[in-house]
1. Give the order of 108, 68 when sorted by the count of other beta carbons within 10 angstrom, beginning with the fewest.
2. Between residue 79 and residue 14, what FRET efficiency comes out of the Förster formula 1/(1 + (r/R0)^6) with R0 = 25 Å and r the beta carbon distance, rounded to 0.05?
3. Rank the residues 54, 102 as a footprinting-exposure proxy: fewest other Cβ atoms within 10 Å of their Cβ go first.
4. For 88, 114, 25, what's the fewest-to-most ordering of other Cβ within 10 Å of each Cβ?
5. Based solely on its DSSP helices, what 222 nm [θ] is calculated for the chain when runs of n ≥ 4 H residues each add -39,500 (n - 2.57) and the sum is averaged over all residues, nearest 500 deg cm²/dmol?
6. Over what distance in Å are the Cα centres of the stretch 86-113 and the stretch 1-77 separated?
7. Taking the chain as a Gaussian network, Cα atoms linked when under 10 Å apart, which of 61, 70, 48 shows the biggest mean-square fluctuation?
8. Expressed as an acute angle from 0 to 90° and rounded to the nearest 10, what is the orientation of the C-alpha long axis of helix 4-22 relative to the principal long axis of the chain?
């Protein structure tokens, strides 16, 4: 059974994938697990493999989507990246972050793309 949080998370990943596709990226995979870590989205930008963390917030009670990128979260992302890079011997890669803040009342969303966060 999907929880409310998982439904919104999946929606955010779909928005991010659509956005990146419109920017010319090739989407390779969603929700890939490497060891105990998960990568939300994997894409190709030219010759560069792009690992993408996606955060969506429907409320600012706990801050904006950008606020969720904490030092602890960055450590987790580094572990996931290290596992993937070592396992597949990838040399040209980067980690991007897509923050999406949704206003359900106005039926609007603000998406921000941050390149190379690690």
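1. 108, 68
2. 0.50
3. Neighbour counts put them in this order, fewest first: 102, 54.
4. Working: 88 11, 114 14, 25 19.
Ranking 88, 114, 25 by Cβ neighbours within 10 Å, fewest first, gives 88, 114, 25.
5. On the way: 2 runs with 37 residues, N = 118.
About -10500 deg cm²/dmol.
6. Using only Cα atoms to place each centre, the spacing works out to 5 Å.
7. Result: 61 has the largest fluctuation of those listed.
8. That helix lies at roughly 60 degrees to the long axis.
Computed from the coordinates by the stated procedures, all read-outs in this text should not be read as laboratory data. Note that the coordinates shown come from a computational prediction; the quantities given were computed from them, not determined experimentally. Heads up, the Cβs are rebuilt from the backbone with ideal geometry, glycines too, and the neighbour counts pull from every protein chain shown.
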